[in-house]
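Everything on this sheet refers to the single structure shown next.
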Amino acid sequence: MDQPVRSPEVDRWLLELTQPEGRADPYPRYEAVRNAAPVALAEDGAIVLTRYADCLAVLHDPRFGRADPDDAFGAVGLANWRAMPAVFTISTSMLSSNPPQHTRLRRLVSKAFTARRVELLRASVEDTVDGLLAQLEGGGDFVDRFAFPLPVAIIGELLGVPPADRAAFQPLVRDWTMVLDVFTPEVLARANDAAAEIREYLRALAQERRRAPRDDLLSALVQVVDEGDRLTEEELVTMAALLFAAGFETTTHLLGNGLVALLDHPDQADVLRREADVAASAVEELLRYDSSVQISGRLARQDTEVAGVAVPQGSNLVCYLGAGNRDPQRFADPHRLDLHRHEGAPLSFGGGIHYCLGAPLARLEAQVALPALLRRYPDLQVVSGAERRDSLTLRGYLKLPVRC
Ligand code: HEM
């Protein structure tokens, strides 16, 4: 069996992906890594995948799973991770669990977070988009005034967070999700404070809903029972917090990255403006072209292989979803934005048992928002002052000033 390839040039490109310049434009670096070594060995021992087929195979294969948090955090000096709300919430959530706990949590939440519940949000998405577009008249920061408030309002409504309380989640979720990348002690401290506040808020709200249920997801999660099994209070708070964290910035960045891609390709923006039935394929293409989630990690739970390359038990695998989305073996002319492309799903929502639970909701929001935005403001332009989030796992803009 072959061994994963380690080389100084791959080391350099992977290093660049951790730096602001590489993060700003990762695609040429992905391509260089893929051309040099599709199954590459990073300096820290992780195995790096940049082909679509390899990423998808790993995401679907039960021989790869999540790391045990005691091992993962113990190794980096955070043995007391359970006392850190930011790390505790992510690490004990469905996102970080393996079967059978993952299966159990996913089954319970899926009984409450149904396709019907998402479809019922369509009218709210349309109303919220209309209201936010009216407020964007003249221009301003697209992130602050549109791309962030939309998912905040919709997840807030889904869960049953009262409108007046929703805006406070914006800075809290942003601080908290900084721990998805490499973090400093200061970043971790801020993330812990933010996650603690979110947990407290959601715990109090869940207690209210337990006393007086309403027609919202939090009430449904409080009540959900599957063959006698139900969520404990800690699991319920963690699940609600996960939905908030997973559903906010990912969608904000889909809207921001999507808008920039469209404005960089005026012919494609015209397609979306003119063709009423192109919204679904357009959003799939925008997800592929510049995904707001670029990385999904797995751990080899046994000695195994990927594409004929040996992978020892305990290896960390880094699936570069954004690289797989631009793999020429999977997508014809992958660097071209083509809203009529029908070449199957990108990797942006992951795959296998952790496939994004909120994918239908994210699609709905983008399919309503982006065509409405371009139609209402045909002269919309990005003006100077755009600022990227300095991270690669979550890719998007913190500030995106526009004139319209
Ligand atoms: C454009 C928007 C979004 C993108 C690109 C995205 C992407 C992803 C990806 C890649 C994963 C899998 C992670 C992995 O396997 O390591 C995931 C999981 C998840 N996402 Fe999303 N997501 C988006 C929006 C949402 C929304 C709106 C929600 C909730 C309302 C949500 C909730 C979740 C949850 C709960 C999981 C964990 C599923 C599990 O572990 O079984 N996401 N998402």
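The values are calculated or read from the model by the stated rules, or taken from the named source; none is laboratory data. Nothing here was measured: the structure is a model prediction, and the numbers come from that model. Counting neighbours? That spans all protein chains shown, and the Cβs are built from the backbone with ideal geometry, glycine included. Surface areas here come from the heavy atoms of the whole protein model, side chains and all, with no ligands, DNA or RNA. Shrake-Rupley method; radii C 1.70, N 1.55, O 1.52, S 1.80 Å.
Counting only protein chain heavy atoms and rolling a 1.4 Å probe, the accessible areas of Arg190, Arg341 rank, largest first, as Arg190, Arg341. Label-point separation (nm) for Thr114 and His340, each offset 7 Å from Cα along Cα-to-Cβ? The answer from the label model is 3.9 nm. Remark: the Thr393-Ile353 segment gains 12.5 nm on full extension, using 0.36 nm per residue and subtracting the alpha carbon distance.
Taking 45 Å as R0, compute the FRET efficiency from the Cβ-Cβ separation of Ala189 and Glu126 and round it to 0.05.
Working: r = 40 Å, r/R0 = 0.90.
After rounding to 0.05, the efficiency reads 0.65.
The phi torsions of region 34-44, fed into the Karplus equation with coefficients 6.51, -1.76 and 1.60 and a -60° offset, translate into couplings of 4, 5, 7, 7, x, 10, 9, 9, 7, 4, 7 Hz, rounded to whole numbers, with Gly and Pro shown as x.
What the Cβ-Cβ distance of Arg214 and Asp2 gives, at R0 = 41 Å and to the nearest 0.05, is a FRET efficiency of 0.10.
Here the accessible area is traced with a 1.4 Å probe on the protein chains. For region 8-403, carbon and sulfur cover 53 percent of it. On the beta carbon distance between Leu78 and Glu9, with R0 = 45 Å, the FRET formula returns roughly 0.85. The figure for Tyr397 is an accessible area of roughly 30 square angstrom, using a 1.4 Å probe on the protein chains alone. Between Asp144 and Asp229, the simple label model (points 7 Å from Cα in the Cβ direction) yields a spacing of 4.6 nm.
For region 181-271, the list of GluC sites (Glu not before Pro) that fall in a loop by DSSP and count at most 11 other C-beta atoms within 10 angstrom reads Glu227.
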